[in-house]
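The values are calculated or read from the model by the stated rules, or taken from the named source; none is laboratory data. Everything quoted here is computed from the prediction, not taken from an experiment. All Cβ positions, glycine included, derive from the backbone under ideal geometry; neighbour counts span all protein chains shown. Protein only, heavy atoms only, side chains kept; ligands, DNA and RNA dropped before computing areas. Shrake-Rupley method; radii C 1.70, N 1.55, O 1.52, S 1.80 Å.
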Amino acid sequence: MRALLRGIPLVALALALFLVLPVSVSAAPAPAPAPADLPPYSPAYQPQGTDERGLWMWADEDERELRDSKFVINDPALQSYVASVLCRAVGQDRCRGVRIYLVRVAAFNANMSPNGTMQVWSGLLLRVRSEAELAAILGHEFAHFELRHSLAGFRKARTMTDIAAWTAVLGQYGATVQQAAIGSIYQFSREQEKQADLLSLKYAIQSPFSAQAAAHVWQRLMDEADATALGRKQRSRRYERVTFFSTHPTPLDRATYLADLSADAAAKPEGAESYSAALAKWLPEFLSDQLKLNDFGGTEYLLSSLAGEHWTAPLLFARAELYRQRGNPRDLVAAADFYRSALAADPELAEGWRGLGLCLMRDRQQAEGAAALKNYIRLRPQAADISMLQTMTGE
């Protein structure tokens, strides 16, 4: 190591150390408890200076493209409901200028642009269990917005890009300084995440929702990731340390400090039943998207978590589809049982009859399979696959 350092020019070494030393490569310690008072708030943000005006122009163009995207969920009732959760979480004055877009993507994500555009992905809606949990995530994204993290990240990235370009004059030592510059960008992003966590916790404490909800979300996300890893014969990553290029605290670190900081907060309603009712219309569609991810372990965990002790017809149907799609010999037996349970709960579930029929046909139970498919044809006489299914049933 000494030999390596001896050959680096002093200016390059000084710059590299300046950039590298703030970067922690181990799990970050829990931040200090958040004070109860929210910071002063200006109801109407206006871009200030060249950097922020340019950033808003980019965000406006992104919003125009998003508005016309085929992935946007055009459901005014669901959109209004999600907006109401955000407003109750952060306050009416804060949420007034936010424009929410629900996007049909089967992954856990939400984000907010500096011009007030918030995206909420359907994979997130599928995974949270209550209004309180949704409020915690939306509050976190709004905290990024209120703290102007996009602008800070933009300026930081531009500075680091300038440094990375300057390293060309350092010859063989340029890579050392360039790596340090890139690492500094990511370290700064981790600090932003913690700041947003703390501010969103302040929102929760002053909102009608439970402040403990955020920790519950992260705990389940770790469990789902473990189930995915097990299904793919990979190792769990929940206990990993923060890596050099990680932009977020580890899920375990985040779940731990959020649980600790919210432990003494007053108990408040979760809003699980009202959330389930608001999502009911879209639940089958979101489950269908999840099945397309080819993630047997994670999806099985997710379905079991959603069901708890009460398996509804849509959840039973999705579980049956999951096993039928994998298609191992024992899976077909399990799938048929799940289809039958779903149909016992909802005999008019046409897709359940279709799935059961195909499953039984594949398992060489021709007569029972044909009878199930005929029920599907009766319930869906205009379906696109009717001709194929009629051939299978001998009609």
Checklist entry - For segment 281-393, what does the alpha-carbon gyration tensor say about shape, rounded, prolate or oblate, given a ≥ b ≥ c as the root eigenvalues, a/c under 1.5 as rounded, and a/b over b/c as prolate? => result prolate
Checklist entry - Between residue 75 and residue 366, what length comes free when the chain is fully extended (0.36 nm per residue of separation minus the Cα-Cα distance, one decimal in nm)? => result 100.6 nm
Item to check | residue 362 accessible area, 1.4 Å probe, all protein chains in place, Å² to nearest 10 | outcome: 140
Item to check | Where only C-alpha atoms are counted, convex hull volume of segment 188-239 per residue in Å³ | outcome: 84
Item to check | Cβ crowding within 10 Å averaged over residues, with 332-345, 287-300, 115-128 ranked highest first | outcome: 115-128, 332-345, 287-300
Checklist entry - When only C-alpha pairs under 8 Å and at least 6 residues apart count, what is the relative contact order of segment 316-368, in percent? => result 34
Checklist outcome for this item: Once the in-chain neighbours fewer than 8 apart are removed, the lysines whose Cα is under 23 Å from residue 281 read 70, 292
Checklist entry - What are the residues whose amide H is under 5 Å from the amide H of residue 103, where those residues sit 5 or more places off or on another chain and H is modelled from the backbone? => result 73, 120, 121, 122
Checklist entry - Separation between the residue 292 and residue 280 pseudo-spin-labels, each 7 Å from Cα along Cα→Cβ, expressed in nm? => result 2.6
Checklist entry - With r defined as the distance between the Cβ atoms of residue 148 and residue 61 and R0 fixed at 22 Å, what FRET efficiency is calculated, to the nearest 0.05? => result 0.70
Checklist outcome for this item: Between residue 344 and residue 232, Cβ-based FRET efficiency (R0 25 Å, step 0.05) works out to 0.15
Checklist entry - Based on the Cβ-Cβ distance of residue 383 and residue 304, what FRET efficiency does E = 1/(1 + (r/R0)^6) give at R0 = 25 Å, to the nearest 0.05? => result 0.25
Checklist entry - Distance in nm between label sites at residue 109 and residue 93, each 7 Å beyond Cα in the beta-carbon direction? => result 3.4
Item to check | Local net charge near residue 325, Cβ-Cβ under 13 Å (Lys/Arg +1, Asp/Glu -1) | outcome: +1
